[in-house]
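K.L.:
Dropping a structure here in structure tokens format, bear with me for questions.
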Amino acid sequence: MFDGDRWNEIFSSLAKNKLRTFLTAFGVFWGIFMLIIMLGSGNGLENGITKNFGGLATNSMFIWTQQTSIPYAGLPKGRRFSIVNEDIGAIKREVSQLEVLAPRNQLRGYGGGNNVSYNNKSGNFSVYGDYPEILTISPLNITSGRFINQLDLEEERKTVVIGRNVKEVLFGDSNPINENVKINGVYFKVVGVFESTKSGERADRDAQTLFIPFTTFQKAFNYGNRVGWIAANAVASASAAKVEKDITAVLKRRHKVAPNDDRAFGAFNASVRFQEMQGLFNAISMLIWVVGIGTLAAGIIGVSNIMLIIVKERTKEIGIRRAIGATPVSIVVQIMMEAIVLTSLAGYFGLLLGVGVTELIANALGPAEGRTMFTNPTIDLRIALTALAILVFSGAIAGLIPARKAIKIKPIEALRTE
Amino acid sequence: MIKLENIHKSYPMGKTSLHVLKGIDLHIKDGEMVSIMGSSGSGKSTLLNILGMLDNYDEGTYHLDQTLIKDLSETKAAQYRNKFLGFVFQSFNLISFKNAMENVALPLYYQKVKRSERNKLAIEYLDKVGLKPWAEHMPNELSGGQKQRVAIARALITQPKVLLADEPTGALDSTTSYEVMKLLRSINEEGITVIIVTHENDIAERTDRIIRLKDGRIIAKEKVDV
């Protein structure tokens, strides 16, 4: 199968018929090229949209309170209430399968007024009171200094971590670390600066954000023991939807909310969103594979077709070969190997060019921070190799039919064709 | 060398069948040079195809060098052809995209002889038929006589016991035909049995014996007087 002579025989018969070889190869080349381009585009779209989500933990959720909608335990409906600090401990005790639980508060510049200032500069930004654990749920990229830590919370320190845009507005090019900014009249010391890991609008929003310790937030802005909302992360093995239900059950009991009151709490569950998106991506990639394989199949059928014509054209040659001692097996091997070599080679170049083009596009689009829905449209090596394997296999199939036809020709009939 | 006994062959022609060979008995000795003559339809090509194991026969026996040749599988037939027989055709049947040397070397490829050795032998045999300077030429750059000599070199390279020639001079002018016959004679003198199918008397007269076929039967086996 692998002796040099056979290869020589194959290459010489391919090389001596250049146009035929080229036309045959082109179908396969084009098929695989299109498949790679389409797969790359699909991946680019998926990468882009996933990036937009910003590395938000896929099993995370956010829960807040709304108005009750059912009267319960002597309390009327339409009642407003807040999650409080004590609820956090209770949830941690009662709900298993929780990885991270972080209470949060947020301050806005009410009425559009500026709420954060430094020297004579000021701006309207979002201010969050947070626990360090929030980074597990919604990651940030700390570019200088540090994030708020456990000690900040325990000692209720007045420290703040600021977003890139906040830093630019208040400090320009100077170093903000250890400077004091005023938030709603209270001074906080800057301990770090961060960048968003998201893209697009979400990244802009992140850049205009400040983080201060949760405990300090409640004290400084008179929130008492009130919690704005809670962010939580289920352990990887658990269902986020179930954990969400467990948490609200605890909260309902503690706040005298009817167990069947679904409107008392609002929630955003990332895993549900992710599943929806994943479904969409799967559908797209399915479509791409179907279309791609179809294109490829057309190319391979083309090869088979041309091989049939070749066999017809080469009837005489095959007859001569058999008259001088070629066994049927050696004829079949020769025809099949020609088809395999042709499809593999053409496929390989299609693969190469396809990967080259997607890499080029990836380069042109630049790294992640692009505000586009399209990021890194490349395919991974495994898929490329799978495609190549499919190709070699189909090459064999494409060669098989003509090869079978070739050995059915009797040498005398072949030689009589004038 | 060749022993045919009561060979019958018919071809199905729609519902009926065409009885082409009606009992051929023939004995060709080792080292003989024989011609088979007959008008078209006499069955001479069929006989040659059977001798060349390119076709099967229905009845009788065919012994080649004491080996019974009957109902061979294609693979076996290919191996015997390669080992025992050399073919020369009227239309030369060279492979058009291979040069003279590669054409001559091709049978050895199927005997799994190494390329360098193959080509060395091919040059040797081309030299034998006087075409060594033409080794690198493609078939379409050669004259009819040269093509036939390349084909003969190809037939000889496996050192066959029998050389089968189907109208070897049919496409050649008479001068070239005689040259080819002279070449075949010299090959015969080296001990190879040569069987030539022809319909030209002057060609047949240059062999040792003429076997005349008519309507699928042998009507005469004449010794040629030199």
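The values are calculated or read from the model by the stated rules, or taken from the named source; none is laboratory data. Quick caveat, the model's predicted, so the values are computed rather than measured. Here the Cβ positions follow ideal geometry from the backbone for every residue, glycine too, while neighbour counts run over all protein chains shown. The protein model used for the area step is the full one, side chains on, heavy atoms only, and it has no ligands, DNA or RNA in it. Shrake-Rupley method; radii C 1.70, N 1.55, O 1.52, S 1.80 Å.
K.L.:
For the condition open to solvent by less than 50 Å² (accessible area, probe 1.4 Å), touching a Lys or Arg at 6+ places or on another chain (Cβ under 6 Å) and either modelled with pLDDT of 80 or more or not in a helix (DSSP H, G or I) (or both), what is the one hit in A:Gly356, A:Gly370, A:Gly350, A:Gly325?
P.N.:
On the way: A:Gly356 fails: touching a Lys or Arg at 6+ places or on another chain (Cβ under 6 Å); A:Gly370 fails: touching a Lys or Arg at 6+ places or on another chain (Cβ under 6 Å); A:Gly350 fails: touching a Lys or Arg at 6+ places or on another chain (Cβ under 6 Å).
That would be A:Gly325, the only listed residue that is open to solvent by less than 50 Å² (accessible area, probe 1.4 Å), touching a Lys or Arg at 6+ places or on another chain (Cβ under 6 Å) and either modelled with pLDDT of 80 or more or not in a helix (DSSP H, G or I) (or both).
Okay, residues lined up against (1) within 14 Å of another protein chain (Cβ to nearest Cβ); (2) out of contact with any helix residue (DSSP H, G or I) (no Cβ under 7 Å at 6 or more places or on another chain); (3) surrounded by fewer than 20 Cβ atoms within 10 Å (Cβ to Cβ); (4) of a type in the set (Ser, Thr, Tyr):
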| position | (1), (2), (3), (4) |
| --- | --- |
| B:Met138 | yes, yes, yes, no |
| B:Thr158 | yes, no, no, yes |
| B:Asp166 | yes, no, no, no |
| B:Met181 | no, no, no, no |
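K.L.:
Regarding A:Ala297, is this residue hydrophobic (A, V, I, L, M, F, W, C), at pLDDT below 85 and closer than 24 Å to A:Ala396 by Cα?
P.N.:
Working: hydrophobic (A, V, I, L, M, F, W, C): yes; at pLDDT below 85: yes; closer than 24 Å to A:Ala396 by Cα: yes.
Yes: the conditions hold for A:Ala297.
K.L.:
Go through segment A:193-202 and give me each residue that's surrounded by 20 or more Cβ atoms within 10 Å (Cβ to Cβ) and under 23 Å from A:Asn175 (Cβ atoms).
P.N.:
A:Val193, A:Phe194, A:Ser196, listed by residue number.
K.L.:
Follow-up. Does segment B:54-70 include one or more residues that are open to solvent by less than 20 Å² (accessible area, probe 1.4 Å), of a type in the set (A, V, I, L, M, F, W, C) and within 12 Å of chain A (Cβ to nearest Cβ)?
P.N.:
Yes, there is a match, as at least one residue in segment B:54-70 is open to solvent by less than 20 Å² (accessible area, probe 1.4 Å), of a type in the set (A, V, I, L, M, F, W, C) and within 12 Å of chain A (Cβ to nearest Cβ).
K.L.:
Of (1) crowded, with 19+ Cβ neighbours inside 10 Å; (2) out of contact with any Gly (no Cβ under 9 Å at 6 or more places or on another chain); (3) at pLDDT below 80, A:Met307 satisfies all except one. Which?
P.N.:
Going through the list (1) crowded, with 19+ Cβ neighbours inside 10 Å; (2) out of contact with any Gly (no Cβ under 9 Å at 6 or more places or on another chain); (3) at pLDDT below 80, A:Met307 breaks only (2).
K.L.:
Could you tell me which residue of segment B:76-101 is most open to solvent (accessible area, probe 1.4 Å), considering only residues that are facing another protein chain (nearest Cβ under 8 Å) and part of a helix (DSSP H, G or I)?
P.N.:
Across segment B:76-101, the extreme among qualifying residues is B:Lys83.
Quick grid of which residues meet (1) surrounded by fewer than 16 Cβ atoms within 10 Å (Cβ to Cβ); (2) farther than 23 Å from A:Thr215 by Cβ; (3) modelled with pLDDT under 90:
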{"position": "A:Glu86", "(1), (2), (3)": "yes, no, no"}
{"position": "A:Arg93", "(1), (2), (3)": "yes, no, no"}
{"position": "A:Ser96", "(1), (2), (3)": "yes, yes, yes"}
{"position": "A:Pro103", "(1), (2), (3)": "no, no, no"}
{"position": "A:Leu107", "(1), (2), (3)": "no, no, yes"}
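K.L.:
OK, next. Before we move on, is B:Asp30 open to solvent by 50 Å² or more (accessible area, probe 1.4 Å) and within 28 Å of A:Val332 (Cβ to Cβ)?
P.N.:
Numbers: open to solvent by 50 Å² or more (accessible area, probe 1.4 Å): yes; within 28 Å of A:Val332 (Cβ to Cβ): no.
No, not satisfied.
K.L.:
Quick one: in segment B:201-225, of everything that is touching a Gly at 6+ places or on another chain (Cβ under 8 Å) and not in a strand (DSSP E or B), which residue is least open to solvent (accessible area, probe 1.4 Å)? Talk me through it step by step, then tell me what you get.
P.N.:
Of the residues in segment B:201-225, the ones touching a Gly at 6+ places or on another chain (Cβ under 8 Å) are B:212-217.
Now restrict to residues that are not in a strand (DSSP E or B): B:215-216.
Details: B:Asp215: 93, B:Gly216: 0 Å².
Result: B:Gly216.
K.L.:
Being crowded, with 16+ Cβ neighbours inside 10 Å, at pLDDT 90 or above and over 36 Å from the mean Cα position of the chain (by Cα) narrows it down to one residue among A:Ile212, A:Ile162, A:Ile183; which is it? Write out each step before concluding.
P.N.:
Working: A:Ile212 fails: over 36 Å from the mean Cα position of the chain (by Cα); A:Ile162 fails: over 36 Å from the mean Cα position of the chain (by Cα).
Unique residue meeting the criteria: A:Ile183.
K.L.:
Of these, B:Gln111, B:Gln148, which one is of a type outside the set (A, V, I, L, M) and open to solvent by less than 10 Å² (accessible area, probe 1.4 Å)? Write out each step before concluding.
P.N.:
Working: B:Gln111 fails: open to solvent by less than 10 Å² (accessible area, probe 1.4 Å).
The conditions single out B:Gln148.
K.L.:
In segment A:245-261, is there at least one residue being away from chain B (no Cβ under 14 Å), over 30 Å from A:Pro76 (Cα atoms) and open to solvent by 20 Å² or more (accessible area, probe 1.4 Å)? So that I can check it myself, show each step before the final result.
P.N.:
Keep residues of segment A:245-261 that are away from chain B (no Cβ under 14 Å), which gives A:245-261.
From what's left, over 30 Å from A:Pro76 (Cα atoms): none.
So far as segment A:245-261 goes, no, none of its residues is away from chain B (no Cβ under 14 Å), over 30 Å from A:Pro76 (Cα atoms) and open to solvent by 20 Å² or more (accessible area, probe 1.4 Å).
K.L.:
Any residue in segment A:306-330 that is facing chain B (nearest Cβ under 7 Å) and under 16 Å from A:Leu400 (Cβ atoms) sitting within a Cβ distance under 7 Å of a residue that is at pLDDT 80 or above and open to solvent by 10 Å² or more (accessible area, probe 1.4 Å)? List the pairs, counting only those 6 or more apart or interchain.
P.N.:
Pairs that qualify, where the first residue is facing chain B (nearest Cβ under 7 Å) and under 16 Å from A:Leu400 (Cβ atoms) and the partner is at pLDDT 80 or above and open to solvent by 10 Å² or more (accessible area, probe 1.4 Å), are A:Pro328/B:Glu74; A:Pro328/B:Thr75; A:Val329/B:Thr75; A:Ser330/B:Tyr110.
K.L.:
When you scan segment B:102-114, how many residues do you find that are part of a helix (DSSP H, G or I), more than 7 Å from every other protein chain (Cβ to nearest Cβ) and more than 18 Å from the chain's Cα centre (by Cα)? First the steps, then the outcome.
P.N.:
At the first step, the residues of segment B:102-114 found to be part of a helix (DSSP H, G or I) are B:102-109.
After this cut, where a residue has to be more than 7 Å from every other protein chain (Cβ to nearest Cβ) as well, the list is B:102-105, B:108.
Now drop any that are not more than 18 Å from the chain's Cα centre (by Cα), which leaves B:102.
Counting residues in segment B:102-114 that are part of a helix (DSSP H, G or I), more than 7 Å from every other protein chain (Cβ to nearest Cβ) and more than 18 Å from the chain's Cα centre (by Cα) gives 1.
Residue-wise test of (1) in a loop (DSSP other than H, G, I, E, B); (2) open to solvent by 30 Å² or more (accessible area, probe 1.4 Å); (3) modelled with pLDDT of 80 or more; (4) aliphatic (A, V, I, L, M).
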| residue | (1), (2), (3), (4) |
| --- | --- |
| A:Met336 | no, yes, yes, yes |
| A:Ser344 | no, no, yes, no |
| A:Asn376 | yes, yes, no, no |
| A:Leu388 | no, yes, no, yes |
| A:Leu391 | no, no, no, yes |
| A:Arg404 | no, yes, yes, no |
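K.L.:
Quick check on A:Asn178: is it touching a Phe, Trp or Tyr at 6+ places or on another chain (Cβ under 8 Å), open to solvent by 30 Å² or more (accessible area, probe 1.4 Å), of a type outside the set (A, V, I, L, M, F, W, C) and on the phi > 0 side of the Ramachandran plot? If you could, list the steps in order and put the result at the bottom.
P.N.:
On the way: touching a Phe, Trp or Tyr at 6+ places or on another chain (Cβ under 8 Å): no; open to solvent by 30 Å² or more (accessible area, probe 1.4 Å): yes; of a type outside the set (A, V, I, L, M, F, W, C): yes; on the phi > 0 side of the Ramachandran plot: yes.
Spelling it out, it is not the case that A:Asn178 is touching a Phe, Trp or Tyr at 6+ places or on another chain (Cβ under 8 Å), open to solvent by 30 Å² or more (accessible area, probe 1.4 Å), of a type outside the set (A, V, I, L, M, F, W, C) and on the phi > 0 side of the Ramachandran plot.
K.L.:
Which of the residues that make up segment B:79-104 are among the hydrophobic types (A, V, I, L, M, F, W, C) and over 25 Å from B:Asn49 (Cβ atoms)? Outline the logic, then answer.
P.N.:
Here is the first cut: in segment B:79-104, the ones among the hydrophobic types (A, V, I, L, M, F, W, C) are B:84-85, B:87-89, B:92, B:94-95, B:97, B:100-101, B:104.
Answer for segment B:79-104, where residues must be among the hydrophobic types (A, V, I, L, M, F, W, C) and over 25 Å from B:Asn49 (Cβ atoms): B:Phe97, B:Ala100, B:Met101.
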